[in-house]
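Undergrad: Sharing a structure, written as structure tokens. Questions coming.
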Amino acid sequence: MVNSTSSSSHQIQRVEINVDCGEAFGYWQCGPDEDLMPLIDAANIACGGHAGDPVTIRRTVALAKKHGIKVGAHPGFPDKVGFGRRVLAMTSEQAYSEMLYQVGALKVFLDEAGVPLNHIKPHGMWYIMMQNNEELNDAAMRAISHFKVPVYGMPNTLHESGAKKYGIPFIPEAFVDVNYNSEGVLLGVPGSRKMATEDIYQAALSLGKKGLVAAVDHSLVDVGVKGNPFTICLHSDLGTCRENVAAARKAVDEINKELYSSS
């Protein structure tokens with residue numbers, strides 16, 4: 001795994017794995033973060049919007065520091081009941097302010113722990129809507145630009161063009177435990193078919209070597225990551241997340257050994 005002791009280099013040198021972490025809230029537990037940390041390169045920590053609370057955030061930051069994992073902010077729609085996976089209408093001012101508020105909350109705990117903010121990666125429906133909703137994307141990217149760190153996002157979408165508009169370093173991201181449609185639009189957890197562990201291994205391998213992944217209808221789609229390092233996202237709230245992340249790790253290690261061993 002990658003030990004982060006300084007500010008982000010604004011690029012990655014090989015294929016990495018990021019996982020959403022810190023998604024518990026109060027007495028409600030979600031995701032085996034302790035088990036997953038040794039298998040990943042970066043943790044996206046929930047910031048209190050779709051999940052997370054002050055104690056959970058602080059504990060998850062400490063856990064990431066213990067394992068030498070890079071930490072990114074994972075802001076989501078302020079909708080804990082829907083886990084940030086429902087459509088939520090926000091004005092530009094609300095979206096801008098919410099992004100500043102949530103990332104700023106995590107940043108305080110990172111500063112306390114002496115851990116740099118590595119990146120920002122919106123969660124769930126906020127991330128999905130930012131693919132093609134110009135107003136929402138613009139408000140979020142304006143806020144993200146203040147933190148001077150990269151954003152994780154989907155190539156060839158408003159994620160990439162919005163980041164460019166505001167001078168935000170962009171790190172391409174792809175998904176293996178949820179699906180895209182046949183046009184390469186990310187569907188997210190609610191719209192995806194169930195992925196077996198072998199499906200996830202093969203998806204990660206195909207993305208790393210060909211830039212292609214099987215869509216929800218099993219057709220192959222190009223998601224814009226061919227030929228360059230990128231980061232693969234997996235979700236810690238799925239029942240098979242341990243097996244999923246282990247399968248992706250196996251594939252990513254094989255890809256990096258074959259294609260990026262000199263990095």
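The values are calculated or read from the model by the stated rules, or taken from the named source; none is laboratory data. These figures come from a predicted structure and were not determined experimentally. Methodologically, a virtual Cβ is constructed for each residue, glycine included, from the backbone with ideal geometry; neighbour enumeration extends over all protein chains shown. The area values use the complete protein model at the heavy-atom level, side chains included, leaving out ligands, DNA and RNA. Shrake-Rupley method; radii C 1.70, N 1.55, O 1.52, S 1.80 Å.
Undergrad: Against the conditions (1) buried (at least 22 other Cβ atoms within 10 Å of the Cβ); (2) within 20 Å of ALA140 (Cβ to Cβ), where does LEU36 fall short? Just the number, please.
TA: In the conditions (1) buried (at least 22 other Cβ atoms within 10 Å of the Cβ); (2) within 20 Å of ALA140 (Cβ to Cβ), LEU36 misses (2) alone.
Undergrad: Still on this structure, please answer the following. Is there a residue in segment 208-225 that is open to solvent by 40 Å² or more (accessible area, probe 1.4 Å) and β-branched (Val, Ile, Thr)?
TA: yes
Undergrad: Of the conditions (1) touching a strand residue (DSSP E or B) at 6+ places or on another chain (Cβ under 7 Å); (2) within 24 Å of PRO169 (Cα to Cα), THR60 fails just one. Which one is it?
TA: (2)
Undergrad: Filter segment 76-95 for residues that are within 19 Å of the chain's Cα centre (by Cα) and open to solvent by 30 Å² or more (accessible area, probe 1.4 Å); which is nearest to SER145 (Cα to Cα)? Before you say what the answer is, go through the steps one by one.
TA: Residues of segment 76-95 within 19 Å of the chain's Cα centre (by Cα): 76-80, 82-87, 95.
Filter again for open to solvent by 30 Å² or more (accessible area, probe 1.4 Å), leaving 78, 80, 85-87.
Details: PRO78: 21, LYS80: 26, ARG85: 24, ARG86: 25, VAL87: 24 Å.
Here the residue is PRO78.
Undergrad: Separate question: Select from segment 39-69 the residues that are under 17 Å from the mean Cα position of the chain (by Cα), open to solvent by 20 Å² or more (accessible area, probe 1.4 Å) and modelled with pLDDT of 95 or more and list them in ascending order. I'd like the intermediate steps shown before the answer.
TA: Filtering segment 39-69 down to residues under 17 Å from the mean Cα position of the chain (by Cα) leaves 39-52, 57, 60-61, 64, 69.
Keeping just the survivors that are open to solvent by 20 Å² or more (accessible area, probe 1.4 Å) gives 39, 48.
LEU39, the sole residue that qualifies.
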